[in-house]
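A short worksheet on the structure shown next.
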Amino acid sequence: MRALAVVVALAALAAGCGADDDGNGTAGGGTGGGGAAPGAAIRPEDFEGVRFTVGSKEFTEQLVLGQITVEALKAGGALVRDSTGLEGSEATRQALTSGDIDMYWEYTGTAQLVFLEQEPTSDAARQYESVSRADEANGITWLDPAPANNAFAIAARREVRRPLEVTELSDLGELVERSPDDAALCLAEEFATRPDGLAGIEETYGFEYPEDLLVEMPNEGVIYDEIQRGARCTFGEVFLTDGRIEANNLYVLDDDKKFSTTYNPSLNVRTEVLERHPMLKDLFNDIAAGLDTSTLRDLNAQVDVDGRRPDEVARGFLETNGFTG
């Protein structure tokens, strides 16, 4: 089935972390400073001389989370091989299970629906317990999840909201039938093939997108500008934690039928690595606690809107939260 991931995205976005009238999460807070109390400072001797390989997927938030991990370990004296920026969820997960990388941040919803093929749940705590327990057999340990919910959603420019009368996903289905020329949807390749995307939305909401209205993009990052321009597509798949939603004056369609799951990021570590270096747990549990939705949105915006490098943003986060000096 096509474009499944868009689905989950939207779903999760409505379900997770509290939303305003546009579906934008408002949980926790701060602008890059984290929602939790500052963590304990990392000491150069904590991981002195230890070798780790850190991975991530290729989109902005994953690059930021990956660099937070790299910079934290370096501050602890580790020798870090930076393998961030791997293409796609499947490739990154495979790199972890094969031992090519030692850790990366994965999302509870992605693991539940894509890797472990479990039934979705809207209960975030139950979801985390389910995926973390199942992955024990795969030699993967899930550290504490961050409170942020990186769900995908469907968004559009604010100026089309009233003329098109589309504020929720049910309205989008009606628009596809009523005025298909106004309903073109930009989406990325992975989300067009994952089992938690557009096909699930279509099934839940009882409509089907004509193939000629689906505009496949090379990556998620370019979708925000495409929506803003409005030339190729009116609607697009977005991340709830992406700072470009606000920067581009977009609004998120409400998931009115609650087709939703939660996408809390958690550092996934190969269990054998964690057993050798148990201090990883306390360090990254503290870091995760400071990553709520608004904080991640701000960190992402520093890269995508302000043009800063992910490693710069990562160092700023660690310094602001007391992990490094």
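Taking each residue as 0.36 nm, the span from D100 to N138 lengthens on full extension beyond its C-alpha to C-alpha distance by 12.2 nm. Taking amide hydrogens as placed 1.01 Å from N in the peptide plane, the amide H of L79 sits under 5 Å from those of G49, V50, R51, F52, each at least 5 positions away in sequence or on another chain. Principal-axis analysis of the Cα atoms of the chain puts helix 124-134 at an angle of about 60° to the longest axis.
For the range 114-122, the Karplus equation 6.51 cos²θ - 1.76 cosθ + 1.60, evaluated at θ = phi - 60°, returns couplings of 9, 7, 9, 6, 8, 5, x, 9, 8 Hz by residue, with Gly and Pro reported as x. By the rule of a C-alpha distance below 17 Å, with chain neighbours fewer than 8 residues away ignored, the lysines paired with K74 are K281. Between P310, P147, P163, the GNM of the chain built on Cα springs shorter than 10 angstrom shows P163 fluctuating the most. Farthest towards the positive end of the charge dipole of the range 133-252, among the residues A188, N149, G206, is the Cα of N149, using unit charges on the Cβ of Lys, Arg, Asp and Glu. Only Lys, Arg, Asp and Glu carry charge here, each on its Cβ (+1 for the first two, -1 for the last two); on that basis the chain has a dipole of about 800 debye about its Cα centre.
Over what distance in Å are the Cα centres of the range 95-154 and the range 237-287 separated? Computed from Cα coordinates, the inter-centre distance equals 10 Å. Placing a label point 7 Å from the Cα of N285 along the Cα-to-Cβ direction, none of the residues of the range 44-60 has a backbone N under 13 Å of that point. With axes computed from alpha carbons, what is the tilt in degrees of helix 60-75 against the longest principal axis of the chain, rounded to the nearest 10 within 0 to 90? In the chain, helix 60-75 runs at an angle near 10 degrees to the longest axis.
DSSP finds beta bridges in the chain, and of those with both partners inside it, around 60 percent are antiparallel.
Label-to-label distance for D256 and E129 is 3.4 nm, based on points extended 7 Å past Cα in the beta-carbon direction. With each label modelled as a point 7 angstrom along the Cα→C-beta vector, the S179-L79 pair spans 6.3 nm. Computed extension gain for E119 through R161, at 0.36 nm per residue and net of the alpha carbon distance, reaches 11.8 nm.
Between the Cα long axis of helix 310-320 and the first principal axis of the chain there is an angle of about 60°, rounded to the nearest 10.
With a Förster radius of 51 Å applied to the C-beta separation of R43 and V222, the computed FRET efficiency comes to 0.80. Which one is right for this structure if Kirkwood radius over Cα pairs in Å is calculated from it: (1) 24.3; (2) 19.6; (3) 21.7? It is the one labelled (2).
Rule-based calculations on the coordinates, nothing more; no lab input. A quick note: this is a predicted structure, and the numbers were derived from the prediction, not measured. Reconstructed Cβ throughout: ideal geometry from the backbone, glycine too, with neighbour counts over all protein chains shown.
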